[in-house]
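Working notes, structure below.
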Amino acid sequence: MSPDASSGQECAPQSPPLEVDISPVGGRSRKHSVRVHVDGRAIFADSVNLAEAASRGQFCRATVERAATVHVSVTASEIESALLDYLGEECAQMDDDISIPIEFDGQAVLDAFGIVVLGEQDDQTILAWSTNTTKNYKIKNPDRLGVQELRQILGPAGDDCLWTTDDEPAPAGMYSPADLRRAIALAASAAKRISQANIIGQGIWRRNGRVIVVNGAETLEYNDGTFEHLQTPHFGEDIVQLNASRRWADSEALIAATTTMTRVRAQGLILQLRQLLQCWNWSHRYDDRILSLLMVASFIQACWRWRPQVSVTGPTDCGKSTLFSELLKPFFGRWTIATDRSTEAGLRQAIGHDAAPVLVDEFDRYGHRQQVLELFRTSSRGGLILRGTADQTGQKFGVQHIGWFAAIESGDHWAQDQNRFIHFELLPPARRGALCLPSTEELADLGQNLIAVALWVAARAIRLADRLRATRVPRTDGRIVESFAVPAALEGLIFAGRGNEVEFGQRALRAWLNGRTTTQRQVAQEEQSLLQHLLAATVRVPVRAAGNTTTQERMVGQLLECFRENRELLQAHGVTLIDCRSRPQRLFVVPEVVRSRFLQGTRWADSRIDTLLLRLPGADREQQRCGGASQRPWGVSLPWPLPGSNGGDEAACE
């Protein structure tokens, strides 16, 4: 409606005609677009809430000021009268508190632009998802979202609904940037606060008994052989962090492979993977079998109630790095987090909220190893580490991963870490030469098929692992049994006949653990270097000469040659000789004491040195007295004198 409100007819005839054009802004806004013309000349235009006296008065004053700059004479009362005429006779009788309540439909605005507000974090940052760009966005202050920043979020499809012309009303179905900013703020105010534990990223997850697959910008729910596409980035109380660029599987191929999976097909794929692992020289009979099942378990690592960690150790040049780079990395796919010598913070930030496979090579001889182990300690049952922040809100983080670590030795000398790992020891290859492995593409294809196997058995495997972890194995820590229950559950479901899964899994579990009680045999440069460093370490001893007593440095090896005179001194440093009627004399080392006395500041300061010493010929783990009749610590014993040495040389005592 555009009435003429020519107040010039009521005033002096010489006044130029005044025209006021009024039209609704559009949508559900209570504002109107008002344009003032004098004698056919545009003077001023703005959006006005006609129902509010303050808004009308502000517009009238601005129009009078603008008219004065172009030498046109109009009064505020003339413009006010025209505005009230538009509202009608009833509105003209209302006072300054007049209002016309019009509901703002923020959800309609968000739907038009394809924006989903996921929630609000403790620092009031808003998390939003754009269906047009298939990306997540963090909005710190919606009021500061400029037009170009909005276009970045909305993409071309959303930009078609954005009305940026200030002096023209928005057509139906289009909205201004102010409308969008308001809709985002209102949706965030109504949303729940988001914690880190409520965000799930890429990977396969289990929530409330339901298995979901987050693959790039897609979310699938898998249940009893069928898939369902989820249309929202919410899954119950959780926020799904979608990202099209992080796509890690072909969804159509995955659905087809999973829905047609059979026991025979799964067995063939596992056996194919096992044959590849047999290219390496493992120290235990069942290592390739267990490793193949752990590789499958890693695809559904976030679903298990208990997650073991995997340690692959061995001397230099035994194929550890080749295993990680040439087999594991292409098998798990391009989304794999593969690193070496990473810091705890760097690894944690790389993982984020995703359930991507994690490979850490060269995991020895650097200062951040124990911090990384502490981070993965939270992975076993999905615990959290709490740390304070400057804003006093605190920070929670943890991982839900089966981590793969390769090193010369594992470094897990803390008791709480030892029983969380399944250890695999590599021996030098029996025959050296180039490995005949499939191409990267073929390994990736094998991995994709085994993702289908993991999905196919996921729900049943989790239940079976819960039953198998109660299996009693003599002289074996309960957590170690729990760790081996994960691959044993897959073994039972894939290779046992129907109805025999529990019994088959228990037999496999006992066989694997019983087969790992023998001493690992290995000779390598690292353990030889450690022993040489230990024997060459110096101790200050009292020496009496010419009636005076002084102290001089003597090497441990020298003191051992005259052991009777230096027994107490050596035992105080964790080293002694033991005699037994049934066997020759042996050297006994207490690892914890030796590490604190002789290895501080060396590359073995944070190492589990008993792992290295046990690789020496004739080494054994046993419990002996050292430093007192009541003390019988565990340590490593070695033949003494060492092969090739001249034991019993009393010249060292002089």
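The values are calculated or read from the model by the stated rules, or taken from the named source; none is laboratory data. Owing to the predicted nature of the structure, the values given are computational and were not obtained by experimental measurement. No Cβ is skipped: glycine too gets one built from the backbone with ideal geometry, and neighbour counts run over all protein chains shown. When the accessible area is computed, the model is the full protein with side chains, heavy atoms only, and any ligands, DNA or RNA have been set aside. Shrake-Rupley method; radii C 1.70, N 1.55, O 1.52, S 1.80 Å.
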Review point. Taking the condition closer than 30 Å to residue 366 by Cα and open to solvent by 10 Å² or more (accessible area, probe 1.4 Å), does residue 554 pass?
Key: yes
Exercise for review: Read through the list (1) closer than 18 Å to residue 638 by Cβ; (2) open to solvent by 70 Å² or more (accessible area, probe 1.4 Å), then give the number of the only condition that residue 528 fails.
Suggested key: (2)
Revision key, fill the gap. With criteria (1) within 15 Å of residue 277 (Cβ to Cβ); (2) within 11 Å of the chain's Cα centre (by Cα), residue 351 comes up short on (1)
Exercise for review: Return only the number of the condition from (1) open to solvent by less than 40 Å² (accessible area, probe 1.4 Å); (2) part of a loop (DSSP other than H, G, I, E, B); (3) polar (S, T, N, Q) that residue 232 does not satisfy.
Suggested key: (1)
Practice item. Please verify whether region 486-500 includes one or more residues that are modelled with pLDDT of 90 or more and surrounded by fewer than 19 Cβ atoms within 10 Å (Cβ to Cβ). Key: yes
Check your understanding: Is there a residue in region 292-310 that is among the small types (Gly, Ala, Ser), in contact with a Pro (Cβ under 7 Å, 6 or more places away or on another chain) and either more than 26 Å from residue 436 (Cβ to Cβ) or in contact (Cβ under 8 Å) with a residue 40 or more places away in the chain (or both)?
Key -> yes
Check your understanding: Is it true that residue 149 is part of a strand (DSSP E or B) and either more than 20 Å from residue 300 (Cα to Cα) or among the acidic types (Asp, Glu) (or both)?
Key -> no
Study note, to complete from the structure: By residue number, the members of region 240-282 that are in contact (Cβ under 8 Å) with a residue 60 or more places away in the chain, of a type in the set (S, T, N, Q) and open to solvent by 40 Å² or more (accessible area, probe 1.4 Å) are 241, 243, 267, 272, 281
**Study point:** Single residue of region 316-336 satisfying the filter (among the small types (Gly, Ala, Ser) and farther than 20 Å from residue 269 by Cα) that is least open to solvent (accessible area, probe 1.4 Å)
**Key:** 319
**Study point:** Scan of region 456-482 for residues that are surrounded by fewer than 17 Cβ atoms within 10 Å (Cβ to Cβ) and either under 22 Å from residue 299 (Cβ atoms) or in contact with an Asp or Glu (Cβ under 8 Å, 6 or more places away or on another chain) (or both), ordered by number
**Key:** 460, 463, 466, 467
Exercise for review: For region 22-52, name all the residues that are of a type in the set (A, V, I, L, M) and either in a strand (DSSP E or B) or at pLDDT 80 or above (or both).
Suggested key: 22, 34, 36, 38, 42, 43, 45, 48, 50
Practice item. For region 613-631, indicate whether the set of residues that are outside any loop (DSSP other than H, G, I, E, B) and either of a type in the set (Ser, Thr, Tyr) or crowded, with 17+ Cβ neighbours inside 10 Å (or both) is non-empty. Key: yes
Exercise for review: Quickly run through region 566-582 and pick out the residues that are within 21 Å of residue 641 (Cβ to Cβ) and surrounded by 11 or more Cβ atoms within 10 Å (Cβ to Cβ).
Suggested key: 566, 567, 569, 570, 571, 573, 574, 575, 576, 577, 578
Revision key, fill the gap. Selection from region 265-320 of residues of a type in the set (Val, Ile, Thr) and under 14 Å from residue 424 (Cα atoms) yields 290, 310, 312, 313
Review point. With respect to residue 226, is the statement that it is farther than 24 Å from residue 138 by Cα, polar (S, T, N, Q) and touching a helix residue (DSSP H, G or I) at 6+ places or on another chain (Cβ under 8 Å) true?
Key: yes
Practice item. Examine region 467-483 for a residue that is at positive phi and modelled with pLDDT under 95, and state whether such a residue exists. Key: yes
Exercise for review: Output the residues belonging to region 550-583 that are within 20 Å of residue 632 (Cα to Cα) and not in a helix (DSSP H, G or I).
Suggested key: 573, 574, 575, 576, 577, 578, 579, 580, 581, 582, 583
Review point. Of all residues in region 283-302, how many are in a loop (DSSP other than H, G, I, E, B), open to solvent by 10 Å² or more (accessible area, probe 1.4 Å) and either touching a Phe, Trp or Tyr at 6+ places or on another chain (Cβ under 7 Å) or of a type outside the set (Ser, Thr, Tyr) (or both)?
Key: 3
Review point. Could you list, in sequence order, the residues of region 401-427 that are of a type outside the set (Lys, Arg), part of a loop (DSSP other than H, G, I, E, B), surrounded by 23 or more Cβ atoms within 10 Å (Cβ to Cβ) and modelled with pLDDT of 85 or more?
Key: 401, 402, 403, 408
Revision key, fill the gap. Filtering region 103-137 for residues that are more than 21 Å from residue 157 (Cβ to Cβ) and either open to solvent by 50 Å² or more (accessible area, probe 1.4 Å) or free of Cβ contacts under 8 Å to residues at least 24 places away in the same chain (or both) leaves a count of 5
Point to revise | residue 434 being at pLDDT below 95 and open to solvent by 30 Å² or more (accessible area, probe 1.4 Å) | key: yes
Check your understanding: Given the structure, is residue 362 surrounded by fewer than 21 Cβ atoms within 10 Å (Cβ to Cβ), modelled with pLDDT of 80 or more and under 15 Å from the mean Cα position of the chain (by Cα)?
Key -> no
